[in-house]
Structure formats: structure tokens, C-alpha cells
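Down below is the structure, laid out as C-alpha cells.
The values are calculated or read from the model by the stated rules, or taken from the named source; none is laboratory data. The structure displayed is predicted, hence computed values, not measured ones. Here the Cβ positions follow ideal geometry from the backbone for every residue, glycine too, while neighbour counts run over all protein chains shown. In case anyone asks, the SASA skips ligands and DNA or RNA and just uses the protein heavy atoms, side chains included. Shrake-Rupley method; radii C 1.70, N 1.55, O 1.52, S 1.80 Å.
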Amino acid sequence: KALHNLYLAPAPQPRKPLRPAPNELAPNPVRTVFYGATGAGGNGILRVARMFAASTNYVVRFVEGKDIREGALKNADLYIAPGGGSDTQSSNLGPQGRTNLVNWIRNGGLYHGTCAGAYLASCNNPDAKKKLRLQLMPTYTQKCPYRGGNALVKLRYTPAGEKALGRKGVDEM
């Protein structure tokens, strides 16, 4: 009987609402902007956003390129660029959206890029026809043949990156 009691499920507890009530928010919640338009792949971004939204420490908003072009970062602390397609995300931001995002970061905004979001933060390859990267990391990237899986990505440092990091050539990460 004692072992049987170990496997009994606890009584169901009432579920807390996904979003805290405004009066429950932390004194200075992190105002988080998630890119959620074309180029954001899969359900990962929704799962992460739900975790953030369930916390009293974050206020969550989804945006697209038009919102960034129109000043949505003005009242934001953190921008999250998800996996998916970096070129598509970049095209959706457009030149003005990319400029707004980079200026916002240079003025203290925080950027987190996962997968395609990290590619977006890198530099344009010298031979790239389209200039779609944000130029935030001193690396060039190449397309990963193992999209959607776990794989190492080769990063080639820009001349500025080689100088700043004291590394030459290519690293796999």
C-alpha cells in the first residue's frame, strides 16, 4: 500500500492564467519583442514566448518588419530573433527596419538570435549579392546543410573579427 500511494497523481490544481494580471508584474519587467512574421520557423518561438509571458518579469509583444520600421523598439528592452530563415526575416525588416534595429542595439538594446536569428546578426559574405545581414558579429556564415538538426556551423571571421578575437580562419560552432 505504501508504494501504491507513491504513484497516485496529486489532486488537480487550478491553472494560473498564461499572462499575469498587470498589477502582478514585477516593478521593472523586461519589455520583450519577439519577431514573429515571415521567416520565423516552427513552433519554438511560440513556446519560448509562452514561457516569457507566464512570468511576471517580462512583457511580451510579437512584431513584424513593419512594426520595427515604425518604431516598435522605442519601448523595448530585448529583441528576440528566432530560427527560420534569416534572409526572409531580413527582407521583412527591410533596409529601414534593419537600420532601426542596429541603431537600437548600439544604443543599449539587447538582441538574442537563435539559429537564423544568429545568422541575421552576422556580416554579409563578401560575395553576397544581397546585403541582408545586420553586421553585428564579426563573422561570415555559410548555409548549413543540416537545417533543422544539430550540426556545427562554420564561421569565418571578418578582418575586424580576426583582429578583435586574435583568431584567424574558420571555427566550427
Please enumerate the residues belonging to the range 34-57 that are in a helix (DSSP H, G or I), open to solvent by 70 Å² or more (accessible area, probe 1.4 Å) and closer than 24 Å to SER91 by Cβ. LEU46
Any idea how many residues of the range 76-86 are at pLDDT below 90 and either surrounded by fewer than 18 Cβ atoms within 10 Å (Cβ to Cβ) or of a type in the set (S, T, N, Q) (or both)? 1
If you check VAL102 against the conditions, is it farther than 30 Å from PRO159 by Cα and surrounded by 15 or more Cβ atoms within 10 Å (Cβ to Cβ)? no
Against the conditions (1) β-branched (Val, Ile, Thr); (2) assigned to a helix (DSSP H, G or I); (3) modelled with pLDDT under 95, where does VAL60 fall short? Just the number, please. (2)
Pick out the one residue from GLY65, GLY71, GLY109, GLY97 that is of a type outside the set (Phe, Trp, Tyr), under 19 Å from ASN28 (Cα atoms) and modelled with pLDDT of 90 or more. GLY109
Does LEU120 meet the test of being assigned to a loop (DSSP other than H, G, I, E, B) and in contact (Cβ under 8 Å) with a residue 24 or more places away in the chain? no
